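Just so you know, all these numbers are worked out from the coordinates, no wet-lab data involved. Model, not experiment: these values are computed from the prediction. When we count neighbours, we look across all protein chains shown, and the Cβ atoms used for this are built from the backbone with ideal geometry, even at glycine.
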Amino acid sequence: MDLIHPQLAAFAAVLEEGSFDAAARRLAVTPSAVSQRIKALEDRLGQVLVVRQAPCRPTPAGEQLLRRVRPMQALEAEALADFLPERSTPAVARTIPVAVNDDSLETWFIAAVAQLHQRYGYLFDVRVDDQDHTLDLLRDGSVLGAVTAEAAPLQGCNVHALGAMRYRAIAAPAFAARYFAAGIAAETLARAPMIVFNRKDALQWRFVRKVTRAKLAPPMHYLPTSTGFIDAAARGLGWCLAPESLIAPALREKRIVIVDPARRLDVPLYWQHAAIRSSTLQQIGQVLREAAAGVLTTAG
């Protein structure tokens, strides 16, 4: 039993699953039925909503509609749990799409979602992106909430401070002695290979700007792994920023050093979600804040 109109349910399923066939399997109907429902919805609204390619994605009009449908799905699940408790078991629960940055995922976020699953039976569809870009997934309707570096709430969203992820610049002892024996400056940063998560990652550049205003073009490695950053630095691949909460073991083992003990980079993080009166979102927000408090710090 679904409370949301079948056309809206088909629309959301296509975008969540990425294809008409996968959406049909989830909804237990034929791909033709899914296609007909999407076409009927587009005719009603006078807009093309889905780009029909692999994977399917929303048009700008589809993004606008998806932002409205996501909160409806959360409220539908809560209503079914109230009136049909048998529908609220984990086996039939609807997944909750959320976005998070990789460093949070590797440090405190998994503990939070595990607690939420154990306590409430929630299932999660976790999307990972840079903390400066997770809000894009909330903006386009892909997720219901996001851990983000953006403090200003999106229209129709609430925002809650989580704390700040503290980063330190690290490198292998031999690497630091080779490149930074004379200290951290524009000249040394320009020569020292730098490890960057991906082309969206601005953390290392923020640190460089704290040290110098010079325009630098250092040698770079792209390495999309948070925990792998520490191992890569320890093996002499380059210097990088890593969460303070992750580097302690490698520091104790003297596999790495902090190349500039006087400087740190604090990145404030926030939980943004659709502004609806939802017990699900209240529970998620509460557990996220509790989990983050054990790892994150006060920015300063």
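Computed on the chain, with alpha-carbon pairs under 8 angstrom and 6+ residues apart, the relative contact order is 21 percent.
Computed from the Cβ-Cβ distance with R0 of 51 Å, the FRET efficiency linking His5 to Ala186 stands at 0.30. Values (i) 40, 22, 18; (ii) 44, 26, 15; (iii) 43, 21, 16 are given for comparison; semi-axes √(5λ) of the Cα gyration tensor in Å, derived from the coordinates here, is the one labelled (iii). Cβ crowding within 10 Å, taken as a proxy for footprinting-reagent exposure, orders Trp239, Trp205 from fewest neighbours to most as Trp205, Trp239.
Using r as the Cβ-Cβ distance of Lys200 and Arg277, and R0 as 35 Å, what FRET efficiency do you calculate, to the nearest 0.05?
Rounded to the nearest 0.05, the efficiency is 0.55.
Spin-label model, Gln286 to Ala152: label points 7 Å out along the Cα-to-beta-carbon direction sit 3.2 nm apart. How much of the pair distance distribution for the range 123-214 lies past 21 Å, counting alpha-carbon pairs only, in percent? In whole percent, the share of Cα-Cα pairs in the range 123-214 beyond 21 Å is 48.
Please work out how much length the chain gains when fully extended from Asp125 to Asp82, using 0.36 nm per residue of separation minus the C-alpha to C-alpha distance, in nm with one decimal.
13.2 nm
Helix 60-83 against the longest principal axis of the chain: what's the angle in degrees, Cα atoms only, rounded to the nearest 10? That helix lies at roughly 70 degrees to the long axis.
Relative to the dominant Cα principal axis of the chain, helix 110-120 is inclined by about 30°. So if we plug the beta-carbon distance of His160 and Arg25 into 1/(1 + (r/R0)^6) with R0 = 35 Å, what FRET efficiency do we get, rounded to 0.05? Result of the calculation: an efficiency of 0.45.
The distance from the alpha carbon centre of the range 211-227 to that of the range 256-300 is 24 Å, rounded to a whole number. Think of it as helices only: each DSSP H run of n ≥ 4 in the chain is worth -39500 (n - 2.57), and spread over all residues that comes to -13000 deg cm²/dmol at 222 nm.
By the equivalent-ellipsoid construction on the alpha carbon gyration tensor, the range 1-68 comes out with semi-axes of 16, 14, 11 Å, ordered largest to smallest. Taking amide H as placed 1.01 Å from N in the peptide plane, Ile96 has its amide H under 5 Å from the amide H of Leu123, Phe124, Asp125, each at least 5 places away in sequence or on another chain. The long axis of helix 6-17 is offset from the longest Cα principal axis of the chain by roughly 30 degrees.
Dividing the mean sequence gap of close Cα pairs (under 8 Å, 6+ apart) by how many residues the range 1-68 holds gives a relative contact order of 29 percent.
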